[in-house]
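Only one structure is covered here, and it is reproduced in the block below.
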């Protein structure tokens, strides 16, 4: 996600975003729930659908096809209201070698994946594309799949709120208002926008495609979605690659809080790296001096906002960019330019990273509400688990505590969220605990899903193997020309997991300033809005 307030720092640091795009979640007291209790007969109208595949759009490749499937809003009442799920495919390039379907998910919650086969295709090895139909889909409530809205305005979209005693009551009113507007506009749908139901939708896709099992490549939140599928449908799970992982034990509040925890060691690493290059960046010749330079800039901006490329940045605006420190070179460049601006030297105009527009197939062309990603995110984050505190004072205490523990981002992470006032979802969260064999990929320095997330998922999926890329940075491993790619490709094409966990080291070129994979926006939490 790109923060409008901190966008100049984004550009200079060459980061895709300084605002979280996808990462681990809240301390969850998830209850066990049955794997699947829905009888087959009422589901036949869904599992026996015949998709009408059409070319997705006139100027897209002819082999990129789209269709719309129907799924029940509430799987316990399959005869009731239905939702659309938009699905796409690019068929395997070798019919003789074809193994089956590889479902793709980019993360979120709230991330559309309909065009994922189109942009992931060039990133995947030929051997994988020979064996698998690449299957994309927009999860329920997202994009072209019955998109939801809460009717949120600009300030209501601003979820990145630092804790301050003077503004806490306002933040509580904001959280209560967002929950109330979502309940008023989508109260009949939002409780059913859960990871469990999206996993059930994936199983409908599997059945419609005529596959006994499915394979899967999921990024970020997509790792949790994949893990839930393995728990609910272990016998229908084929080869699953879970890339840049979320810890199921931390769904969902802990997903946000882990950003604060992970930012502190990243800041220490950055301070050490930058001190060794004082001649280049002029930020201090010891880690302590580099850290002091940063915090002096935060304090200065708190007294009087710093004019940075025409944008006035407060200290909180600077702190919200905690993700920059996972890219040591980019962060050093950004803070050096910020220091010049604080001293009165104009900064160069930011260079914008070009992005090609994401295609919207005419056959699915429905208007997507401007707050769709926010509504879908909060629906999943709030309805997936019942462990969110209900007392606003608990958030106040936690924010004060975590600002002291994790000065960069702790109060942002633990401050109140709309989930405090959300109606419970249709089911408790899924407890992930199985021995299904999957492959987990993780960069050591991923700002959106820190390393501890991958380690947590690995513990809960006891049959898994994990590949850790030491020195690797950026969000998304497979397809980034990483040292983990060979292991992932071997698993997808042969089904053989490594005999033990694998650790490989990123090359200097890969470890420095590697951009994130082109995961679609939004990739996680809702977009930060200007509060001015």
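The values are calculated or read from the model by the stated rules, or taken from the named source; none is laboratory data. Only a predicted model underlies this, so the values are computations on that prediction, with no experimental measurement involved. Cβ placement follows ideal geometry from the backbone for every residue including glycine, while neighbour counts extend to all protein chains displayed.
Quick rundown of the values:
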quantity	calculated
All positions within the range 133-156 that are at pLDDT 95 or above and outside any loop (DSSP other than H, G, I, E, B)	133, 134, 135, 136, 137, 156
Hits in the range 449-466 (condition: in contact with a helix residue (DSSP H, G or I) (Cβ under 7 Å, 6 or more places away or on another chain) and farther than 11 Å from residue 438 by Cα)	450, 452, 453, 456, 460
Helices (runs of 4 or more DSSP H) completely within the range 366-476 that count 2 or more residues being more than 30 Å from residue 273 (Cα to Cα) and at pLDDT 95 or above	372-383, 392-405, 451-460
Residues satisfying the stated conditions in the range 270-284, i.e. within 12 Å of residue 331 (Cα to Cα) and under 29 Å from the mean Cα position of the chain (by Cα)	270, 271, 273, 274
Selected residue (only one of 243, 247 is under 17 Å from the mean Cα position of the chain (by Cα), modelled with pLDDT of 95 or more and over 21 Å from residue 138 (Cβ atoms))	247
Flag for residue 141 being in contact (Cβ under 8 Å) with a residue 24 or more places away in the chain and within 28 Å of residue 384 (Cα to Cα)	yes
Lone unmet requirement of (1) under 18 Å from residue 216 (Cβ atoms); (2) touching a helix residue (DSSP H, G or I) at 6+ places or on another chain (Cβ under 6 Å); (3) touching a residue at least 60 places away in the same chain (Cβ under 8 Å) for residue 110	(1)
In the range 210-224, the residues that are under 21 Å from residue 474 (Cα atoms) and not in a strand (DSSP E or B)	220, 221, 222, 223, 224
Set 189, 142: member being under 30 Å from residue 206 (Cα atoms) and surrounded by fewer than 22 Cβ atoms within 10 Å (Cβ to Cβ)	189
The one condition in (1) under 19 Å from the mean Cα position of the chain (by Cα); (2) surrounded by fewer than 19 Cβ atoms within 10 Å (Cβ to Cβ) that residue 177 fails to fulfil	(1)
Residues (buried (at least 24 other Cβ atoms within 10 Å of the Cβ), touching a strand residue (DSSP E or B) at 6+ places or on another chain (Cβ under 7 Å) and in a loop (DSSP other than H, G, I, E, B)) located in the range 65-114	106, 107, 113, 114
Selection from the range 488-532 of residues that are modelled with pLDDT of 95 or more, out of contact with any helix residue (DSSP H, G or I) (no Cβ under 6 Å at 6 or more places or on another chain) and crowded, with 21+ Cβ neighbours inside 10 Å	488, 491
Members of the range 42-58 found to be surrounded by 17 or more Cβ atoms within 10 Å (Cβ to Cβ) and either within 26 Å of residue 94 (Cα to Cα) or under 26 Å from the mean Cα position of the chain (by Cα) (or both), listed by number	49, 56, 57
Check on residue 61, over 20 Å from the mean Cα position of the chain (by Cα), surrounded by fewer than 19 Cβ atoms within 10 Å (Cβ to Cβ) and over 25 Å from residue 485 (Cα atoms)	yes
Scope the range 232-243; condition in a helix (DSSP H, G or I) and either out of contact with any strand residue (DSSP E or B) (no Cβ under 9 Å at 6 or more places or on another chain) or buried (at least 24 other Cβ atoms within 10 Å of the Cβ) (or both); matching residues	232, 235
Filtered residues of the range 433-463 (kept if buried (at least 24 other Cβ atoms within 10 Å of the Cβ) and more than 19 Å from residue 264 (Cβ to Cβ))	438, 439, 440, 441, 457, 461
Among the residues listed as 5, 35, the single one being assigned to a loop (DSSP other than H, G, I, E, B), touching a helix residue (DSSP H, G or I) at 6+ places or on another chain (Cβ under 8 Å), surrounded by fewer than 15 Cβ atoms within 10 Å (Cβ to Cβ) and modelled with pLDDT under 95	35
Hey, residue 366 surrounded by fewer than 22 Cβ atoms within 10 Å (Cβ to Cβ) and more than 26 Å from residue 145 (Cβ to Cβ) or not	no
